[in-house]
Amino acid sequence: MSNWNRSSVLLRRTVGYSAAAALLCTGVSVLFLVFVGGKDADAARDRVTGAWDRAVPLIRQGYLPAELPAGRDIAIQVLDTRHQVVSATPQLAGRPPMATFHATSASVHAERVLCPPAGLKGCMTVFSYKVYQPDGPWILYVAVPTVPWYGSTEALSFAIGMSLLATAMTAAGTFYVTRRDMSAVDVIRTELAEITATHLHRRVPVAHNHQEEIKLLAGTVNDTLDRLEGAYKQLRQFTSDASHDLRSPLTAMRAQLEEALMHPHDIDWPRTATAVLAGVDRLQAIVTDLLTLAKLDARAPLDLRPTDLGRLVNSELDRRTYRVEIVRDLQRNVIVDCDRLRITRLLVNLLDNAARHAASQITVSVRADGPTATLEVLDDGAGIAPEDRERVFDRFTRLEASRHRDAGGTGLGLAIAREIAEAHQGTLTIQDSERGARFVLRLPVRKAPQIAGRSEHHAGHSDFLGLPVPR
Ligand SMILES: Nc1ncnc2c1ncn2[C@@H]1O[C@H](COP(=O)(O)OP(=O)(O)O)[C@@H](O)[C@H]1O
Ligand SMILES: [Mg+2]
């Protein structure tokens, strides 16, 4: 990320979050101020009622002093029937009436905001009460400062102050967290940019003080790097094994040709040509297997078709001849979705191996175990030791005993077979057996839609395989 982009992201995020915080604070402040304003208005009313409570008995009983006791934020005047001020709180002593309005005959009380009432300062709410006396109605004026909707200036300053503080803290927090996370991402980015095929062992740092998402990101990046490193090591090993296996026959062929050219007249050319041709065959076999693997690695699409596995195996066995006896135990109507060419290739690889290692017999069986179709190739040879049963599926792995038995193998047959199984969402493993090696292929059975008439397909003339039905 360029510096300009960084600053822009930082600015946008900080401004965005601060604006949201300011909006929220404004909302909360308004609610708070309305509440405080309401409380203050109630308190003012209580003071007015208190003043009324104290003044009215004094008026009625005739004990009204000329100067009423001073109260906090309250001004009182009592007017007689001639509207002469007969009593007042100290700040209105000797002053004319603070207001001219009074309650109508219909009510005993009226209220108005005056800015200011006569003889006072600021806006005040003036309450006027009629107090009935034997000589006629007297008037009691009580004035209290008008309470604004926000209560007091102190409350307003407090709310504004707190809102500014919260917004500033949000801005600072957002700025800090965003900058910290961006630096964490920057470290990951820089490290990733420096990783090349020769530095695949490097990993991005996972710091504990980072946000959970950043830690997850770093963890995922490292897992991906682990897998890449593993795949790359495998590829390197494969390339080196492949080159080695291709070089051996080339070296042998070269030696044969050079020797022949040294004594061109004494040499048996047809024999030399046959020997060189054997080398060419071997090279061809390796290259063909490598191409097959490359296609499987590239996940070339499979030509999947519903297939009766037993019939497919049966027809393949019919087409081949082996030096050992082949026993067939093939269940019918085990239908799988498969690429027939590929599954045949897998079967042939297993059969060729079995034929090479069997003493006298190979048993091939097909059956359905619930949702799984199982194909087994069992021989009566020396078998494969449990510790080698995974290794033999690695590319170019040939166990010592086989090298003597057949120098022509490529060590790729089982790797190809397993790739084919996995491309079909299946598995290929070596299982325990009393004698010899037991290769087990498991494939998912085709989930046939239960449509009426479907059973006809199973009857033998189906489109599952245009091949003869096994007897
Ligand atoms: N049926 C079997 N019995 C014993 N060993 C086997 C059998 N099938 C495969 N193997 C071992 O697994 C190795 C790998 O097999 P494969 O990948 O087909 O390579 P290749 O057949 O070219 O040697 C063989 O070299 C052999 O050592
Ligand atoms: Mg083989």
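The values are calculated or read from the model by the stated rules, or taken from the named source; none is laboratory data. Bear in mind the structure is a predicted one, so any value in this text is a computation, not a measurement. When we count neighbours, we look across all protein chains shown, and the Cβ atoms used for this are built from the backbone with ideal geometry, even at glycine. What goes into the accessible areas is simple: the full protein's heavy atoms, side chains included, and nothing from ligands, DNA or RNA. Shrake-Rupley method; radii C 1.70, N 1.55, O 1.52, S 1.80 Å.
Results, tabulated for the structure shown:
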| read-out | value |
| --- | --- |
| Cα-based Rg of the range 1-155 normalised by 2.2 N^0.38 Å, two decimals | 1.64 |
| Separation in nanometres of the label points that stand 7 Å from Cα toward Cβ, at residue 109 and residue 133 | 2.1 |
| Positive-end extreme of charge dipole, the chain - chosen from 62, 153, 256 (charges on Cβ) | 62 |
| Radius of gyration and maximum dimension Dmax of the range 285-345, Cα, Å | 14.2, 37 |
| Residue-level accessible surface for residue 233, protein heavy atoms, 1.4 Å, Å² | 120 |
| Listed residues 190, 198, 167 arranged by accessible area, highest first, probe 1.4 Å | 198, 190, 167 |
| Gain in span if fully extended, residue 206 to residue 58, counting 0.36 nm per residue against the direct Cα distance | 45.0 nm |
| Listed residues 141, 63 arranged by accessible area, highest first, probe 1.4 Å | 63, 141 |
| The chain - share of DSSP beta bridges that are antiparallel (%, nearest 5) | 90 |
| Residue-averaged 222 nm ellipticity for the chain, from DSSP H runs of 4+ at -39500 (n - 2.57), nearest 500 | -17500 deg cm²/dmol |
| Largest-first ellipsoid semi-axes for the range 207-300, taking √(5λ) over the Cα gyration tensor eigenvalues, angstrom | 52, 14, 5 |
| Order of exposure, largest accessible area first, which applies to 124, 169 with probe 1.4 Å | 169, 124 |
| D (Stokes-Einstein, µm²/s), Kirkwood Cα radius, the chain, 1.002 mPa s at 20 °C | 64 |
| Spatially proximal aspartates and glutamates relative to residue 215 (Cα-Cα < 19 Å; intrachain offsets below 8 disregarded) | 181, 186, 191, 223, 226 |
| Calculated FRET efficiency for the pair residue 295/residue 251, C-beta based, R₀ 30 Å, to 0.05 | 0.60 |
| Net length gained if the chain between residue 15 and residue 216 were fully extended (0.36 nm per residue, minus Cα distance) | 69.7 nm |
| Among 352-359, 74-81, the order from most to least packed when residues are scored by Cβ within 10 Å on average | 74-81, 352-359 |
| Cubic angstrom per residue, convex hull over Cα atoms of the range 233-377 | 166 |
| The range 302-461: radius of gyration and largest Cα-Cα distance (Dmax), Å | 16.0, 56 |
| Ratio Rg/Rh [Cα only; Rh per Kirkwood] for the range 2-83 | 1.52 |
| Gained length - residue 337 relative to residue 236, 0.36 nm times residue gap less alpha-carbon distance | 32.9 nm |
